[in-house]
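This report concerns only the one structure given below.
The values are calculated or read from the model by the stated rules, or taken from the named source; none is laboratory data. Remember, predicted model here, so these are calculated numbers, not experimental data. Every residue, glycine as well, gets a Cβ built from its backbone with ideal geometry; the counts of neighbours run over all protein chains shown.
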């Protein structure tokens, strides 16, 4: 090993070892150190830009950790809410994708059941010019919203016609969101509304409101709109919709070529800023509705851990991101070669710098609408596993982030917006992070199937009060699917688990089902006397599902999130991690429409169990 290189790597926060699949540690190669140093803007001789001169401090030294906001009523009460993927909602009026008006109806319905929040997938802006890049966890820009969620018929000036209604009806009837046709249909109508003398600026004073929105959005909003127009034009010319494949003169927003393009396409750029304004107005209406119906938390929004490497955010602020490495995870028993999530990460020396820090702007973009936010992969507050471009995932290393500064930013924004913070603290965590988060009043994220000890599932009273408990998430099967072993079958079908490991997983699941039965009985949740077999039908599983939700409701956790897909008994998973192109991730719709929810016995029984254990 090169001692000079080791010192340099440590100076800039690069770990000298990484985990191995057998829970050991292996050294990082000199080649990886050099690649990551270059990605951080550091030359082999140690020379660096001024912004990268100092390794970020992981932990506060001697200073108390700042506290994030926790509503006073949560000091003594425990509440619950419903979590869902907005796009998965069906309704008799939407255009083939759940939208902000569906969200308003969902808020009203959830409040009528006693829920205090509605949890959502990330609402970040996607690639409008490439709608099938639809993962909410690989967005184009986390500071912007996704215009595909606009309820078009709620925009002033809208008028339907038989041809449009026929197209929309076809989109409503699909089992999967057809992002390409949804985008084409919505954007065509929105563009017509925009072109019709801007009559769709929603009435008296709206023109001034839009101008103020544009002014407040500043250069961040303008650059995003320029990117959207460039992305569409470049895609049409065969250069791709992501900036990394564009001609060099268009790969940075400050060039003469981009300035000339922006001048030529000024009207279209303004259209994309208008789309963001519509998103803002419609989401604000949802926030207002939550307050009107008495929800004490309102919206609970999810924040992705990073952005697409070739999207709006990395194009708009190149210096704020690491350009030659992507976010991933080290090898583990389930992924022995590691994982590359193909996400761009903020530069650790820039992420918290200045009064207009990138991290502050990113969390503010969500907190302005939310009563709670969930930070995906909260370990990123201290470190990220970065994979050099062109390298295998296992050829990566951890890089430190300024936890002290990031927690300070979180606390400041949280108090300003009175927004609760939840940290997704699953998987391999750096030592002491959970304790620091607890001190900062960041809620832990507890999933039933993960909450196990050597002798079985943890009892309900073992859950920490400062936490959110749930049964399943977008990365899991529903509880019924888990009981049937659908996750094991899916991993086998998609080549994630080798055939020779399948039986081991089946046996493990059998023991887990038995352990869950014991936990439910000990908690006094009245599980069915004879638990259904793994092949049991929906009716036989219903009582088990309700009992498991009652168990979660009994936990000490401040919050419980009930997944809508569990309430409606979905069989199609939202996402199968590890698949790419073999499963329609982020596209399955619910099998029932919002208008039918009040007639679903299982949904109403789960809600009743929640209300009995956590009365509003």
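Counting only residues that are under 30 Å from residue 374 (Cβ atoms), give me the helices (runs of 4 or more DSSP H) lying completely in region 202-310 with at least 2 of them.
The helices (runs of 4 or more DSSP H) meeting that bar are 206-236, 266-292.
If we keep just the residues of region 1-15 that are within 15 Å of residue 40 (Cβ to Cβ) and in contact with a helix residue (DSSP H, G or I) (Cβ under 7 Å, 6 or more places away or on another chain), which is surrounded by the fewest Cβ atoms within 10 Å (Cβ to Cβ)?
Here the residue is 5.
Residue under question is residue 537, and the condition is that it be under 28 Å from the mean Cα position of the chain (by Cα) and more than 29 Å from residue 299 (Cα to Cα); does it hold?
no
Please work out which residue is farthest from residue 373 (Cα to Cα), limiting yourself to region 422-456 and to residues that are part of a strand (DSSP E or B) and modelled with pLDDT of 95 or more.
Out of the qualifying residues, it is 447.
Would you mind stating whether residue 405 is more than 19 Å from the chain's Cα centre (by Cα), outside any loop (DSSP other than H, G, I, E, B) and closer than 28 Å to residue 476 by Cβ?
no
In this structure, is residue 484 touching a residue at least 60 places away in the same chain (Cβ under 8 Å) and either buried (at least 19 other Cβ atoms within 10 Å of the Cβ) or under 30 Å from residue 439 (Cα atoms) (or both)?
no
Picking from 153, 92, 105, which residue would you name as being in contact (Cβ under 8 Å) with a residue 40 or more places away in the chain and part of a loop (DSSP other than H, G, I, E, B)?
92
With the condition kept exactly as written, say whether any residue in region 520-538 is surrounded by 15 or more Cβ atoms within 10 Å (Cβ to Cβ), modelled with pLDDT of 95 or more and touching a strand residue (DSSP E or B) at 6+ places or on another chain (Cβ under 9 Å).
For region 520-538, residues surrounded by 15 or more Cβ atoms within 10 Å (Cβ to Cβ), modelled with pLDDT of 95 or more and touching a strand residue (DSSP E or B) at 6+ places or on another chain (Cβ under 9 Å): absent.
Confirm whether residue 147 is at pLDDT 95 or above, touching a strand residue (DSSP E or B) at 6+ places or on another chain (Cβ under 8 Å) and over 30 Å from residue 606 (Cα atoms).
It is true that residue 147 is at pLDDT 95 or above, touching a strand residue (DSSP E or B) at 6+ places or on another chain (Cβ under 8 Å) and over 30 Å from residue 606 (Cα atoms).
Looking for something assigned to a helix (DSSP H, G or I) and within 22 Å of residue 573 (Cβ to Cβ) - is there at least one such residue anywhere in region 515-522?
Yes, some residue in region 515-522 is assigned to a helix (DSSP H, G or I) and within 22 Å of residue 573 (Cβ to Cβ).
Could you tell me which residue of region 52-93 is modelled with the lowest pLDDT, considering only residues that are closer than 30 Å to residue 13 by Cα and surrounded by fewer than 13 Cβ atoms within 10 Å (Cβ to Cβ)?
My answer is 61.
Would you confirm whether any residue within region 497-509 is touching a residue at least 60 places away in the same chain (Cβ under 8 Å), crowded, with 16+ Cβ neighbours inside 10 Å and over 30 Å from residue 411 (Cβ atoms)?
No, the conditions are met nowhere in region 497-509.
Has region 320-338 got at least one residue that is buried (at least 20 other Cβ atoms within 10 Å of the Cβ), in contact (Cβ under 8 Å) with a residue 40 or more places away in the chain, farther than 27 Å from residue 6 by Cβ and touching a helix residue (DSSP H, G or I) at 6+ places or on another chain (Cβ under 8 Å)?
Taking every residue of region 320-338 in turn, none turns out to be buried (at least 20 other Cβ atoms within 10 Å of the Cβ), in contact (Cβ under 8 Å) with a residue 40 or more places away in the chain, farther than 27 Å from residue 6 by Cβ and touching a helix residue (DSSP H, G or I) at 6+ places or on another chain (Cβ under 8 Å).
Out of all the residues in region 376-402, which are more than 28 Å from residue 474 (Cβ to Cβ) and in contact with a helix residue (DSSP H, G or I) (Cβ under 6 Å, 6 or more places away or on another chain)?
Across region 376-402, the qualifying residues are 388, 395, 397.
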